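Here is the structure we will look at.
The values are calculated or read from the model by the stated rules, or taken from the named source; none is laboratory data. This is a predicted model, so every value here is computed, not measured. No Cβ is skipped: glycine too gets one built from the backbone with ideal geometry, and neighbour counts run over all protein chains shown.
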Amino acid sequence: MNQQIFKPDRPYRAYLVQAAAGLTAFIPGSLVFGFPGVMGPYWQKTFNVGRAEIGQILFYVLAAAGLHMFLIGRLQERMRPSWIAGMGAAIYGLSLMLLGRASHMDAVYLWAFLTGASSAFCYLPPLMVVQRWFPGRKGLVSGLVSMTFGLSGAVMAPVYSHLFQSFGYMTMTRLAGAIVLLAGLAAATGIRLPPAAGVPAHGSGILSVSAWQSVRTRSFGLLWFTNAFAGAAGIAMVTLAIPFGTARGLAGAEAVFLLMAFNFTNGASRLVSGFLSDKFGRKKIMSGAFFLVGCAYFLLPHLESPAVWAALAAVVGFAFGTLFAVSAPFVSDCFGMAHFGSIFGLVFTAFGFFSGALGPWLSGYLLDSSGGNFTLVFLYLGGLMFLSALLIQLATPYTECKL
């Protein structure tokens, strides 16, 4: 495959853009993957709600991300990516500062919706920009952006927990909100496209498919359902890790390590999987990771070691990170870069609108209705992962797409 590779006249600029893209994705990632897991028990006690209501938090996060991802994909064809990322920083920073005034779960749901929307503003533009700067290493650089987005939860969950314990709920939200606002605005200024002269017209120079053409392909449908099912089984661990640990006798501080294990591999796997997908193919990496998670979920409720629980939560995190690291370059491989944002946004609607309901929300409902039966929940989630492993194997590369 002949491919024109963009080589900037000052290579350090490409790496500065990569760093800015990582920080831009890091902050909203920490709010999505770290903050709800830490604050969930507090909200449940303060507002006297069940696990299903707490599970709905991520539903609103994901629904907002799914709604806005396609819109941002269209918008970034007309607006500078730095402006879009800056708007996202303003949204998540100000909404977190106002969260301390929440007096009802509806206010938390509003924060979740705004945070989910902001994640679309701050995730898709960096993902598009780095693939433009490094078209020959799309899997690797996409994996780096996805890694910082996912790993942020593992890094920041103990930080948010410490701030909460030290300053209390209201002061913590105001302080954290101000910090992430300033950091996000600063990072957004570095999200820049490379000089137009050095980049092929459609990114890959091979294929350019419109968003509406892509929807009619088998690859799009298979990837869409894969994102819905694997995304649901993966994101559910964010709200299940700490409750599972405490239900098995761990103290709250100890149970946090299960969430940290999930978030660590959720982030780290994105770099590894992105690199491996460049070498061995997108489908093989995704399918293998999903199959391992199906096994992990089936084993999790039958083992008694906290170290093993953390290891299996880490396996779930690895596959969840793989989904996002590899889906993006799979989309550009199949449909080209000209309308990457719009097409990826359409694929992401599966995760945004359905994964939150099929994963955290339904899992919380099953726990409430079954008296806390984690075995039932983990069997369900493992089945979703096995199905995802099959679906992605049936997808086709770009040379076989039928329009």
Handout entry: The one condition in (1) in a helix (DSSP H, G or I); (2) touching a residue at least 24 places away in the same chain (Cβ under 8 Å) that Leu250 fails to fulfil
Key = (1)
Handout entry: Yes/no for Ile242 being in contact with a Leu (Cβ under 8 Å, 6 or more places away or on another chain), modelled with pLDDT of 90 or more and part of a helix (DSSP H, G or I)
Key = no
Completion exercise
If you go through Met385, Met337, the only one that is among the aliphatic types (A, V, I, L, M), over 27 Å from Ile57 (Cβ atoms) and buried (at least 22 other Cβ atoms within 10 Å of the Cβ) is Met337
Exercise for the section: Would you check which residues across segment 135-164 are surrounded by fewer than 16 Cβ atoms within 10 Å (Cβ to Cβ) and either under 15 Å from Phe264 (Cβ atoms) or at pLDDT 85 or above (or both) and list them? Expected result: Val159, His162
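Which of the residues that make up segment 196-231 are of a type in the set (Ser, Thr, Tyr) and modelled with pLDDT under 70?
Residues satisfying the conditions are Ser204, Ser208.
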Problem - helices (runs of 4 or more DSSP H) fully within segment 7-78 counting 3 or more residues that are of a type in the set (Lys, Arg) - result: none
Fill in the blank from the handout: The residue from Phe149, Phe113 that alone is assigned to a helix (DSSP H, G or I), within 13 Å of the chain's Cα centre (by Cα) and of a type outside the set (Gly, Ala, Ser) is Phe149
Exercise for the section: Would you be able to say whether some residue in segment 328-347 is among the hydroxyl-bearing types (Ser, Thr, Tyr) and part of a loop (DSSP other than H, G, I, E, B)? Expected result: no
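Yes/no per residue for (1) modelled with pLDDT of 80 or more; (2) over 20 Å from Cys122 (Cα atoms):
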position: Phe35; (1), (2): yes, no
position: Met39; (1), (2): yes, yes
position: Gln44; (1), (2): yes, yes
position: Glu53; (1), (2): yes, yes
position: Ala64; (1), (2): yes, no
position: Gln76; (1), (2): no, no
Practice task
Determine whether segment 302-319 contains at least one residue that is of a type in the set (Val, Ile, Thr), touching a residue at least 60 places away in the same chain (Cβ under 8 Å), buried (at least 24 other Cβ atoms within 10 Å of the Cβ) and assigned to a helix (DSSP H, G or I).
Solution key: yes
Problem - Out of Val331, Val326, sole residue that is in contact (Cβ under 8 Å) with a residue 24 or more places away in the chain, surrounded by 21 or more Cβ atoms within 10 Å (Cβ to Cβ), farther than 18 Å from Phe386 by Cα and out of contact with any strand residue (DSSP E or B) (no Cβ under 9 Å at 6 or more places or on another chain) - result: Val331
Exercise for the section: Mind listing just one residue for me: the one in segment 252-271 that is buried (at least 24 other Cβ atoms within 10 Å of the Cβ) and within 13 Å of the chain's Cα centre (by Cα) and, of those, modelled with the lowest pLDDT? Expected result: Gly267
Practice task
Give me a count of the residues in segment 273-301 that are among the hydrophobic types (A, V, I, L, M, F, W, C), more than 17 Å from Asn227 (Cβ to Cβ) and surrounded by 19 or more Cβ atoms within 10 Å (Cβ to Cβ).
Solution key: 3
